[in-house]
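J.: Can you keep this structure in mind? I'll have questions shortly.
The values are calculated or read from the model by the stated rules, or taken from the named source; none is laboratory data. As the structure is a computational prediction, the values presented were derived from the model and not from experiment. Every residue, glycine among them, receives a Cβ derived from its backbone with ideal geometry; neighbour counts consider all protein chains shown. Side chains included, ligands, DNA and RNA excluded: accessible areas come from the protein's heavy atoms. Shrake-Rupley method; radii C 1.70, N 1.55, O 1.52, S 1.80 Å.
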Amino acid sequence: MNRRTLALLVVATVVVSSVATWFANERIQSPAEAAARTAPPTPSPILVRVEQRVLTTRIVSRGTGHYGSPRELVVAPSALKDGPQVVTKRPSVGAVIDEGDVLMTISGRPILVLEGAQPSYRDLGPGMSGPDVRQLEAALKRSGIDPGPVDGRYDQATGSGVARLYARHGFRPVVATSGQLAAVRPTEAELVAGARASGGVQLPANEVVFVRGTPLRVAKAGVGLGAAPNGPVATVTDSVVAVDGALPVDQAQLVKVGAQVLLDEPALGIKANGRVSHVAPRPGTGGADQFHVFVRVVVPDPPPALVGTSVRLTVPFKSTRKAQLVVPLSAVSLGPDGASRVQRSDGGTLRFVPVEPGLSADGYVAVTPDGPLAVGDLVVVGFEQAGGQGGGAGG
């Protein structure tokens with residue numbers, strides 16, 4: 001072998017040795033190097049600010065709006081009229097009837113609506129007396145008509161007041177003579193004090209309906225035009241809107257009559273306030289099943305779309321009453337001693353601050369700190385790994 005060949009072999013050996021060394025350095029790792037390269041990155045804390053707010057725990061349910069207290073109105077017969085009686089004008093569904101208004105007409109005569117606890121059951125006229133006369137006088141006075149003393153005695157002043165009420169609506173009152181009254185007077189009128197009328201302005205029993213309160217809203221006209229007014233002539237409700245709902249048995253005991261309620265339905269733009277007017281004493285009543293308790297909410301100033309609409313009912317039943325420091329529930333953890341604490345970020349350094357948790361609601365909890373913690377401070381609610389994976393707050 002000559003010198004040239006020997007030199008080439010030496011150079012080739014050096015090159016192969018260098019390549020092998022580089023490959024070994026790139027592909028072969030020690031256990032320490034492998035562990036260092038595969039270790040996860042240091043997790044980053046997820047921070048939120050401490051707030052100050054009022055916390056309120058709530059009961060949430062649903063209910064449907066409607067007009068309250070439906071009842072049927074019936075017209076009493078009158079001894080002053082013996083001819084055929086037919087409906088000549090029906091009440092309009094949805095109409096609002098105030099005290100002193102005309103509900104409808106029968107044979108061209110008005111049916112007046114007045115407030116009173118006692119229903120109309122007899123014709124009233126001069127010389128008569130009793131609770132029904134007193135409630136007539138009180139109704140006239142509320143309607144702005146002077147009936148004289150409200151003493152339960154139908155005198156000339158009372159008759160003049162009745163005549164003015166008829167004239168207000170363009171009708172003439174019924175005026176009868178003593179002879180006409182004697183011909184139709186029932187036998188019992190001679191036996192009962194205050195039951196015998198004398199001549200003058202009369203109020204026939206079938207021209208007035210006494211109700212416990214007004215205004216009323218007509219829900220249904222019960223008799224068709226031209227039909228005899230037998231049975232209910234109309235179904236009416238209160239003008240106040242109520243919302244009926246149901247609460248789980250375990251929550252119903254927390255709700256009391258008079259409690260404030262927020263009603264809303266964002267899709268329809270409905271938002272109103274109401275108060276609980278009734279909570280059923282037991283489940284399974286008012287249309288609720290055996291696992292729920294019926295509840296009614298009265299809405300004093302209802303939006304027009306509320307009637308017939310299902311809305312959310314929110315009943316607050318416990319509150320901090322005043323603003324307190326609050327943090328998310330996930331910010332509170334237990335320390336080794338079992339006490340509650342939060343992790344506060346102090347210039348990037350995390351420090352535990354002991355806290356006394358209070359009322360929790362809507363994902364937050366009120367806290368009383370035993371250390372530096374104020375509105376605007378950052379607290380840890382979890383840790384975020386590389387790649388967006390999060391974890392719970394540290395313990």
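J.: Return the distance in nm (one decimal) between the two label points of a simple spin-label model at Arg321 and Thr56, each offset 7 Å from Cα along Cα→Cβ.
T.: About 1.5 nm, to one decimal.
J.: When the accessible area of the chain is split by element with a 1.4 Å probe, what percent falls to carbon and sulfur?
T.: Carbon with sulfur: 55 percent of the solvent-accessible area.
J.: Taking the Cα centre of the stretch 246-348 as origin, sum charge times position over the Cβ atoms of Lys and Arg (+1) and Asp and Glu (-1), and report the length of that vector in debye to the nearest 20.
T.: Value, rounded to 20: 300 debye.
J.: Take the cross-link list Lys256/Lys318; Lys141/Lys220; Lys271/Lys318 and give me the ones stretching past 23 Å between alpha-carbons.
T.: Going by Cα-Cα distance, Lys141/Lys220 fall outside the 23 Å limit.
J.: Top to bottom by accessible area (1.4 Å), largest first, where do Arg53, Arg122 land? If you can, show how the numbers build up before the last one.
T.: Details: Arg53 80, Arg122 45 Å².
Ranked list, largest accessible area first: Arg53, Arg122.
J.: Give the shape of the stretch 255-395 as rounded, prolate or oblate, defined through the alpha-carbon gyration tensor: a ≥ b ≥ c are the square roots of its eigenvalues, a/c under 1.5 means rounded, and otherwise the shape is prolate if a/b is larger than b/c and oblate if not.
T.: prolate
J.: Let's test this: bin the Cα-Cα distances of the stretch 39-138 at 10 Å from zero up to the farthest pair and state each bin's percent.
T.: Using 10 Å bins, I get a P(r) of 9, 27, 21, 9, 8, 7, 6, 6, 5, 2, 0 for the stretch 39-138.
J.: For labels at Leu334 and Ala227 in the simple 7 Å Cα→Cβ model, what's the distance in nm?
T.: Simple spin-label model gives 7.1 nm for this pair.
J.: For the stretch 223-272 and the stretch 47-78, what is the separation of their C-alpha centers, rounded to whole Å?
T.: Cα centroid to Cα centroid, the span is 9 Å.
J.: Go ahead and estimate [θ] at 222 nm for the chain from helices alone: -39,500 (n - 2.57) per DSSP H run with n ≥ 4, summed, over the residue count, rounded to 500. Walk me through the numbers on the way to the answer.
T.: Working: 6 runs with 69 residues, N = 395.
Using -39500 (n - 2.57) per qualifying helix, the result is -5500 deg cm²/dmol.
J.: What residues from the stretch 263-281 fall in the zone where the backbone N is under 20 Å from a label point 7 Å along the Cα-to-C-beta line of Arg212?
T.: Taking a point 7 Å out along Cα→Cβ of Arg212, the residues of the stretch 263-281 whose backbone N falls under 20 Å are 275-281.
J.: Further, regarding this structure: How high is the relative contact order of the stretch 214-314, in percent, with contacts defined as C-alpha pairs under 8 Å that are six or more residues apart?
T.: On the way: 183 pairs, mean separation 27.0, N = 101.
Once divided by the residue count of the stretch 214-314, the mean separation gives 27 percent.
J.: Percent relative contact order of the chain, based on C-alpha pairs within less than 8 angstrom and at least six residues apart? Mind dumping the intermediate values first?
T.: Working: 852 pairs, mean separation 91.1, N = 395.
Averaging sequence separation for qualifying contacts and normalising by length gives 23 percent for the chain.
J.: Need the list of aspartates and glutamates near Lys81 for cross-linking: C-alpha distance under 17 angstrom, and skip anything on the same chain fewer than eight residues off.
T.: Asp123, Glu207
J.: Follow-up. Taking DSSP loops as anything outside H, G, I, E and B, show the longest stretch in the chain free of chymotrypsin sites (Phe, Trp or Tyr not before Pro) there with at most 16 other beta carbons within 10 Å. Display every interim value, and only then the final one.
T.: Working: sites that count: Tyr121, Phe291.
No qualifying site falls inside 122-290, the longest such stretch.
J.: A follow-up question, please. Could you give the dipole magnitude of the chain about its Cα centre, charging the beta-carbon of Lys and Arg +1 and that of Asp and Glu -1, in debye to the nearest 20?
T.: 660 debye
J.: Another question, then. Give me the Kirkwood hydrodynamic radius of the stretch 124-242 in Å, from all C-alpha pairs, to one decimal place?
T.: Result for the stretch 124-242, one decimal place: 16.0 Å.
J.: Please calculate how many Å² of accessible area the chain carries per residue, with a 1.4 Å probe and no DNA, RNA or ligand atoms counted.
T.: Details: 21880 Å² over 395 residues.
Per-residue accessible area for the chain comes out at 55 Å².
J.: Determine the order of Asp370, Asp244, Asp264, Asp289 by accessible area, beginning with the largest, at a probe radius of 1.4 Å.
T.: Per-residue accessible area, sorted high to low, gives Asp370, Asp289, Asp244, Asp264.
J.: Among Ala323, Gly308, Pro369, whose Cα projects farthest towards the positive end of the dipole of the stretch 259-395, with charges put on the beta-carbon of Lys, Arg (+1) and Asp, Glu (-1)?
T.: Result: Gly308.
J.: Also: What three numbers, in Å, describe the spread of the alpha carbons of the chain along their principal axes, ordered from the longest?
T.: 165, 53, 38
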